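> The structure's right below; bear with me while I get my questions together.
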Amino acid sequence: EEIRLAQKHNLVPLPLMWYHKETSALLKQTAYKQCFSAGHGEQSTPCPLDNVYWDQLLEPTLLAIAEVYKELDAPGGMMLDQEFYAGGFPGFTYGGAEDGCFCENCITQFFRIMGDARELPKQKKPLEFILKNGYTLQQYLDVLEQRISARTRKMALATRAIKPDFLFGLMPGMGNWYTNGIARGLSTPGMPVIIANEGEYFVGWNHRSRTNMEKLKQWGFPALYLPGLTISSFNAEGLAVKSVEAAQQSAGYWLYYGEMLFRTNARLIPDAIDPNEYALREPAQRYWSAMRAANHFPVSYTHLRAHE
């Protein structure tokens, strides 16, 4: 029904799949492999190459959604929110995903890929073991990134075998082996992956945003960078100005928590120092009017051509 509604209004839907606390209960019903963080030990988060997560949870969902788009002959895709790999919820994170997964399977595969076929004892301090054997952490993360990229490419190909113009987006941003690996796998020269970043939530476009854009160019996979703006961080005019600025500098913008603009009784916090994403600073109608004006502001995207 949402896809039909989007068609009616000439919109391209990108629903969000958020696998986090709710997913953990589902995964626990199966024999999934948990990740092992060098900094935090065993986590609830699945190993990045866990078959249960990819083969039984994520890919079947994408294939089912692709069938609906095909049936309705509609454009669209899915946003994949991987917050539990890069967020801060206890038990669902690598601590920023920087240190990688050091479960027995990931370590074994790394040594095999590096041409080292020895029998590996179970390690209490796996990162130290890797370093003592002459390898660097960066080498290890590079292999993880390549492996996750190959896995997500397989998933993307299967999805686009059903719906060739299926769009993929990735949250919450980019910059570590996990998110970059997924982004590479989901992107093709004709179909860039949408990077929905969260680093602009409370301030709008900033110097880190520009650095991220430059990094995407250096990494070389086709991507469109979308800064996110938390609605309650700004009044209506401020949000409009920030959205125009983001669109001028990148591929557009997105709003969080967007559903608040549809609430008939939204909580108002006009004087909040610490914005609450589940509230507004002023009545929703003022935001609608300001954003309507912002979306009619002329914006040139010529700066993105080389990047795409």
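The values are calculated or read from the model by the stated rules, or taken from the named source; none is laboratory data. Everything numeric here is computed off the predicted structure, so don't read it as measured data. With ideal geometry, Cβ positions are generated from the backbone for all residues, glycine too; neighbour counts draw on all protein chains shown. The accessibility values were calculated without ligands, DNA or RNA, using every heavy atom of the protein model including side chains. Shrake-Rupley method; radii C 1.70, N 1.55, O 1.52, S 1.80 Å.
> Counting only heavy atoms of the protein chains, get the accessible area per residue of the chain (1.4 Å probe) and round it to a whole Å² value. The partial results should precede the final answer.
Working: 15550 Å² over 308 residues.
Normalised by residue count, the accessible surface of the chain is 50 Å².
> If you restrict to DSSP beta bridges whose two residues both lie in the chain, what percentage is antiparallel, to the nearest 5?
Numbers: 5 of 24 bridges.
The antiparallel proportion sits near 20 percent.
> Give the long-range amide H neighbours of CYS47: residues separated by 5 or more places, or on another chain, with amide H under 5 Å away, using H modelled in the peptide plane at 1.01 Å from N.
The answer is LYS33, GLN34, CYS35.
> Further, regarding this structure: Select one label from [x] 92, 58, 38; [y] 60, 47, 40; [z] 65, 47, 42: the one whose number is Cα extents along the principal axes in Å as derived from the coordinates shown.
Only one listed value fits the structure, namely [z].
> Oh, and also: Using amide H atoms built in the peptide plane, which far-off residues or other-chain residues are under 5 Å from ASN197 H to H?
Counting only residues 5 or more places away or on other chains, the set is LEU226, GLY228.
> Can you list residues from other chains, or at least 5 along the same chain, whose modelled amide H is less than 5 Å from the amide H of GLY169?
Those lying under 5 Å, H to H, from GLY169 are MET78, MET79, LEU80, ILE194.
> If packing is taken as the average number of other Cβ atoms within 10 Å across a peptide's residues, how do 57-70, 225-238 rank, most packed first?
Those peptides, ordered most packed to least, come out 225-238, 57-70.
> Moving to a separate point now. For the chain, take the longest principal axis of its alpha carbons; what is the angle in degrees between that and the long axis of helix 284-295, to the nearest 10 within 0 to 90?
Once rounded, one gets 80 degrees.
> Tally up the carbon and sulfur contribution to the accessible surface of segment 1-58 as a whole percent, 1.4 Å probe, everything protein left in place. Write out the running numbers ahead of the final one.
Numbers: 1740 of 3440 Å².
Here it works out to 51 percent.
> Something else: Return one number: the angle in degrees, 0 to 90 and rounded to the nearest 10, between the long axis of the Cα atoms of helix 137-162 and the longest principal axis of the Cα atoms of the chain.
Here the helix axis deviates by roughly 60 degrees.
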